[in-house]
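Worksheet: one structure, shown below.
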Amino acid sequence: MQIRAFFASVLLVFAIGAGSAIASTSPAAIIVAAAPAMFDTEAAAHAHCPRDIVVWLNTPTGVYHEKGMRWYGRTKHGAYVCKREADAAGDRDTRNGQ
């Protein structure tokens, strides 16, 4: 009987330890992509990433517009950013080409 109690206590300790390990990695393991560097001018963004395309990011929506599109530099809230950094941060290109 004592052997069963011993193994039950070992299993209980193992289960508690494994549960705490799983619980501790769940919220902390989520990696949040860093926001891209944001600039007030197109020239400043181009200086930051000379080999990348500079896009206008609508910051509330996370949608970016390329030069020549209707909303490039014209949304109420936004900034010039590098396209690769925007993509890495989870932002996306406009779907309607504006």
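The values are calculated or read from the model by the stated rules, or taken from the named source; none is laboratory data. Since this is a predicted model, take the numbers as computed values, not measurements. Every residue, glycine among them, receives a Cβ derived from its backbone with ideal geometry; neighbour counts consider all protein chains shown.
In the stretch 52-90, of all residues being out of contact with any strand residue (DSSP E or B) (no Cβ under 9 Å at 6 or more places or on another chain) and of a type in the set (Lys, Arg), the one that is surrounded by the most Cβ atoms within 10 Å (Cβ to Cβ) corresponds to Arg84. Just so you know, in the stretch 20-71 the residues that are modelled with pLDDT under 95 and under 22 Å from Asp93 (Cβ atoms) include one that is nearest to the chain's Cα centre (by Cα), and it is Ala33. The number of residues in the stretch 77-93 that are free of Cβ contacts under 8 Å to residues at least 40 places away in the same chain and within 18 Å of the chain's Cα centre (by Cα) comes to 6. For the stretch 53-89, residues that are part of a strand (DSSP E or B) and either closer than 13 Å to Asp40 by Cα or of a type in the set (S, T, N, Q) (or both) total 10.
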